[in-house]
Amino acid sequence: MYAPGHVAAALMASAPALRWWAVAGALAPDVVDKPVAWALGGFSRSIGHSALVWLCLVGGAAVSRSERARAVALGVATHLIADLVDDVFYGLFATSQVASLWMLWPVARPDAWAVTLAAPVLSAPYAPWVVEGVVVALAVAGLVGSRDGRRA
Ligand SMILES: [Zn+2]
């Protein structure tokens with residue numbers, strides 16, 4: 001998923017008062033990993049997309065009892081879930097590979113393992129922009145709805 005979808009998912013998942021902290025968390029995995037991949041080469045999902053790093057964030061948020069830290073951890077979680085769902089669907093439609101282990105970095109190499117099916121399970125083309133568009137539309141509808149609710 002791209003930045004608009006990640007922002008939209010974070011906006012939908014977070015409390016209004018903390019939504020921009022969740023958005024920062026939702027953008028963080030790509031902000032960290034894309035420059036690393038551009039500079040060093042290799043797969044563009046590593047430390048920023050690691051579930052192990054995310055668990056450290058959750059632990060830090062719990063220890064600090066900071067609502068902002070919890071919102072950042074929530075935003076990162078929405079990013080990881082969206083990328084995983086996107087990968088599963090894209091894999092089913094385009095490559096017949098349904099999983100990779102990028103969330104387990106650094107324990108596993110991101111592209112070291114995948115479930116490969118004999119043939120594509122679904123024959124219809126997968127359009128990631130359709131899924132992203134639906135997520136963004138739902139977030140915009142939710143934001144507009146919440147503003148209308150405040151005026152009443
Ligand atoms: Zn990502």
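The values are calculated or read from the model by the stated rules, or taken from the named source; none is laboratory data. Predicted model only: the values in this text are computed from it and were never measured. FYI the Cβ positions are ideal-geometry reconstructions off the backbone, even for glycines, and counts take in every protein chain you see.
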Could you tell me whether G59 is surrounded by 14 or more Cβ atoms within 10 Å (Cβ to Cβ) and at pLDDT 95 or above?
no
Output yes when any residue across the range 37-48 is in contact with a Ser or Thr (Cβ under 8 Å, 6 or more places away or on another chain) and surrounded by 20 or more Cβ atoms within 10 Å (Cβ to Cβ), and no when none is.
no
Among the candidates W54, W20, W102, single out the residue that is free of Cβ contacts under 8 Å to residues at least 12 places away in the same chain and either at negative phi or more than 13 Å from the ligand (Cβ to nearest atom) (or both).
W20
In this structure, is G25 touching a strand residue (DSSP E or B) at 6+ places or on another chain (Cβ under 6 Å) and either surrounded by 16 or more Cβ atoms within 10 Å (Cβ to Cβ) or aliphatic (A, V, I, L, M) (or both)?
no
Considering only the range 1-79, give the helices (runs of 4 or more DSSP H) lying wholly within it that have at least 2 residues that are more than 24 Å from V131 (Cα to Cα).
19-40, 51-64
